[in-house]
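The values are calculated or read from the model by the stated rules, or taken from the named source; none is laboratory data. As the structure is a prediction and not an experimental result, all values here were calculated from the model. Backbone-built Cβ (ideal geometry, glycine too); neighbour counts: all protein chains shown.
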Amino acid sequence: MIFLTLFVLATMLLAINIKPYASLGLVMIPVSYILGLYAYRNYIIWRSGPQGEERVGEELQKLSDDYVMVHNAVIPPSTGDIDYIVVGPSGIFVIETKNVGGNIFCDKDAWSRYKIGSGGKTFPLGIGNPSRQAKRSAKTLKDFILKHKEKIFGRRSPHLWVHSILVFTNKNVTLNLKNPTIDVLSVEELNKFILKQDGLHLPPEGVNGIVNVLVKNAF
């Protein structure tokens, strides 16, 4: 809206052709153009996130009815949402998604991202610290479940472990991983990883108890 307003105003000032308004309009046109490019770039970045989450959601829906998927849950006291929580017989999983391209390097909890421009020059891009984000979400969920363990499991609760998973959904990404502190997977690897875990053995009542408590107290 700012871009369009500036562009229309600049065109009107040029059309008047009276100094100094015409000169001001001449300056405003490139400024509005730069703002438009910036707004479009940020829109593409914003739109790519939900697209990546949709791919992961479609894949998770292929799991059997023994597994329950919870999307965009906000677990108190955190204010940030978790892309996906999956609860089923093989365990509890926190899944964070990244729909970014380029060359991504990971050394334990240190992350960096680079792209090669049209001239062959490499330039850095932001990626944050997705492994710490996923581990923080997993701990928040585990603490939340333990807080409500009597409602979920009764007197005796199993030893809980929440898996932290990071899924890169962009096909134009190259991963260079060195000792990542969480499981980093592609969309195609996700369900196979979930099904092969063999630690928790949650019964149906445990799965339903966790999901019911999430529905009542999260979001």
- [ ] Those residues that are modelled with pLDDT of 95 or more and among the basic types (Lys, Arg), I need them from the range 173-219; list them, please.
- [x] 178, 192, 196
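Considering only residues that are charged (D, E, K, R) and touching an Asp or Glu at 6+ places or on another chain (Cβ under 6 Å), which ones fall in the range 80-120? Talk me through it step by step, then tell me what you get.
So in the range 80-120, the residues charged (D, E, K, R) come out as 81, 83, 96, 98, 107-109, 113, 115.
Within the range 80-120, 83, 96 qualify.
Table: residues versus (1) of a type in the set (A, V, I, L, M); (2) over 23 Å from residue 66 (Cα atoms).
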residue	(1), (2)
119	no, yes
122	no, yes
126	no, yes
140	no, yes
148	no, no
166	yes, no
188	no, no
210	yes, no
217	no, no
TODO: Could you grab the pairs with beta carbons closer than 9 Å, sequence gap of 6+ or different chains, first residue in the range 67-86 and assigned by TED's automatic domain parsing to the domain that holds residue 190, second one assigned to a loop (DSSP other than H, G, I, E, B) and not hydrophobic (A, V, I, L, M, F, W, C)?
DONE: 67/89; 67/90; 69/61; 74/80; 86/67
